[in-house]
Amino acid sequence: MSAPTVVCPPGDRAALDAFDRALYRASAGARSPLILRDANGREHHADAADWCAGHRPGDSGLLDRCTGATLDVGCGPGRLTEALLRRGRTALGIDVSAAAVRLAQARGATALRRDVFRPLPGRGRWEHVLLADGNVGIGGDPVALLRRCRELLTPDGRVHAELSPPGAGSWAGPATLHTPDPGAAGPVPGGAGPGAPLRWAQVAADDLEALARSSALDVIETWTEEGRWFGTLTAARGAS
């Protein structure tokens, strides 16, 4: 049987290509900044080098909470998937990025090139689903994403999502991805040009309860570690 096709909307391909290039730069040890500009013109900064590291400050709480079989959605270069495997956990990373999956596999992580919204191994049997490093934004519709994660979990399974700080504001919809010159000195500007379009979202910690209700989930806890914010959710009682 052939593997499920990874479907990338034509409008998102340029963003995926830019993401792949950023990961390869970061894996070679270079600074690899990414800037996401939302529909209101606000810029959200990241560096792919953080995802390629062996450990990112704030990872420990996420890893400690994954006590059983874990699906790492948007695993990137496999930092968390590999760490879970080293702890003796069953873990699988999935990502639509070919570069991410290659890098994850190269570091010893089990990873597949898959779209979270398409058929996946273990549906209904995962005890934990990870949405780290802002991946609650995948697809630009957090409600649809969390509902899909609920389908992938065991009845009492848990979603662990990384959030933006309270007060940061939540948004969902069209955005553009920019990859400025990583060799630029000083603060990295967003740069001219339209950027690569994609659909994304941001969920602030103080909006998590409302999002959970819309997704038929309950919030079990929220926590912070090393300046990062997280929440754990499980299926709401009576949810079908």
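The values are calculated or read from the model by the stated rules, or taken from the named source; none is laboratory data. Just so you know, these numbers come straight off a predicted model, no measurement behind them. Cβ coordinates were reconstructed from backbone atoms using ideal geometry, including for glycine residues, and neighbour counts include every protein chain displayed. Ligands, DNA and RNA are stripped out before the accessible areas are found, and what is left, the full protein with its side chains, is counted by its heavy atoms. Shrake-Rupley method; radii C 1.70, N 1.55, O 1.52, S 1.80 Å.
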Filtering segment 216-240 down to residues that are surrounded by fewer than 13 Cβ atoms within 10 Å (Cβ to Cβ) and either at pLDDT 95 or above or in contact with a Gly (Cβ under 8 Å, 6 or more places away or on another chain) (or both) yields E221, E226, G227
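So which of T70, T5 ends up being modelled with pLDDT under 95 and closer than 22 Å to A109 by Cα?
Numbers: T70 fails: modelled with pLDDT under 95.
So the residue among T70, T5 that is modelled with pLDDT under 95 and closer than 22 Å to A109 by Cα is T5.
Can you pull out the residues in segment 17-47 that are open to solvent by less than 30 Å² (accessible area, probe 1.4 Å), within 15 Å of the chain's Cα centre (by Cα) and closer than 13 Å to W200 by Cα?
Applying the first criterion (open to solvent by less than 30 Å² (accessible area, probe 1.4 Å)) to segment 17-47 yields 18, 20, 22-23, 26, 32-36, 38.
When the remaining residues are screened for being within 15 Å of the chain's Cα centre (by Cα), the result is 20, 23, 34, 36.
Passing the criteria: only L36.
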Which of the residues belonging to segment 84-102 are surrounded by fewer than 18 Cβ atoms within 10 Å (Cβ to Cβ) and either in contact with a Gly (Cβ under 6 Å, 6 or more places away or on another chain) or in a loop (DSSP other than H, G, I, E, B) (or both)?
R87, G88, R89, T90
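Being in contact with a strand residue (DSSP E or B) (Cβ under 6 Å, 6 or more places away or on another chain) and either open to solvent by 60 Å² or more (accessible area, probe 1.4 Å) or modelled with pLDDT under 95 (or both) is true for just one of D12, D64, D50. Which residue is that?
Details: D64 fails: in contact with a strand residue (DSSP E or B) (Cβ under 6 Å, 6 or more places away or on another chain); D50 fails: in contact with a strand residue (DSSP E or B) (Cβ under 6 Å, 6 or more places away or on another chain).
The match here is D12.
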Count of segment 106-135 residues which are closer than 22 Å to G231 by Cα and either touching a Ser or Thr at 6+ places or on another chain (Cβ under 9 Å) or among the small types (G, A, S) (or both)
9
